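Take a look at the structure set out below.
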Amino acid sequence: MDFVRHMKNEELLSIYENCISNLIETEIVQSMDKYIQHGDITCLDHCKNVSLKSYKVCKFLKLDFKSAARGALLHDFFLYDWHIPGSHVGLHGFRHSKISLSNAKKHFELNEKEKDIILTHMWPLTLRPPRFKESFVVSMVDKLCSSKEILYHIYKRFIVVLVKGGKSRRIKVIKK
């Protein structure tokens with residue numbers, strides 16, 4: 001049973017890698033590794049997480065998994081450190097999807113779903129709703145991945161130690 005599951009996962013990963021290979025192998029996409037996205041997760045790692053999970057969900061739902069994987073990989077393709085004041089114009093949360101789409105269109109050929117995925121991944125913060133099911137999936141997966149990355153960063157900053165004191169237990173929080 002485990003061998004069959006392993007083979008299926010290998011096959012899924014192989015198909016996934018074929019979907020994104022012409023993007024992920026470029027220097028410009030690899031440059032996303034220079035920018036921190038959430039906590040200590042780089043923009044590239046975040047986008048790869050969202051891309052793989054979106055691919056799996058869309059494959060399961062029998063949607064366009066290739067467009068989902070590609071659009072998700074480029075959804076935060078803004079190419080600046082949003083933590084540094086002055087590195088960008090306006091509020092990052094509201095503007096980066098348009099910047100990411102503009103950058104992606106300069107470097108790659110995109111279909112309509114991929115464009116919509118990049119442009120609408122911040123919905124409902126940005127008012128434009130997703131036009132495609134794949135766009136909705138990527139938007140939701142992005143929120144889940146972002147939440148997990150942020151919570152993990154917070155968790156790593158604090159070490160929770162259980163200290164046994166007689167009959168009672170108390171939790172001691174120590175900052176790293």
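The values are calculated or read from the model by the stated rules, or taken from the named source; none is laboratory data. Predicted model, so just to flag it, every value in this text is computed and none were measured. Methodologically, a virtual Cβ is constructed for each residue, glycine included, from the backbone with ideal geometry; neighbour enumeration extends over all protein chains shown.
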Scanning region 26-79 residue by residue, those farther than 18 Å from H121 by Cα and of a type in the set (F, W, Y) turn out to be Y35, F60
Taking region 112-142 and the residues there that are part of a loop (DSSP other than H, G, I, E, B) and in contact with an Asp or Glu (Cβ under 7 Å, 6 or more places away or on another chain), the one that is modelled with the lowest pLDDT would be H121
query = In this structure, does E109 turn out to be out of contact with any Phe, Trp or Tyr (no Cβ under 9 Å at 6 or more places or on another chain) and either modelled with pLDDT of 95 or more or part of a strand (DSSP E or B) (or both)?
reply = yes
Considering region 85-106, residues that are modelled with pLDDT under 90, in a helix (DSSP H, G or I) and hydrophobic (A, V, I, L, M, F, W, C), and then whichever is surrounded by the fewest Cβ atoms within 10 Å (Cβ to Cβ), we arrive at F94
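Residues checked against (1) part of a strand (DSSP E or B); (2) surrounded by fewer than 15 Cβ atoms within 10 Å (Cβ to Cβ); (3) of a type outside the set (G, A, S); (4) touching a Pro at 6+ places or on another chain (Cβ under 6 Å):
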| residue | (1), (2), (3), (4) |
| --- | --- |
| Y16 | no, no, yes, no |
| I20 | no, no, yes, no |
| L23 | no, no, yes, no |
| I28 | no, yes, yes, no |
| M32 | no, no, yes, no |
| L44 | no, no, yes, no |
| K48 | no, no, yes, no |
| S54 | no, no, no, no |
Residue pairs qualifying under the 6 Å Cβ cut-off, at least six apart or on distinct chains, with the first in region 27-48 being within 19 Å of Y16 (Cα to Cα) and free of Cβ contacts under 8 Å to residues at least 24 places away in the same chain and the second being of a type in the set (A, V, I, L, M) and assigned to a helix (DSSP H, G or I), are L44/M32
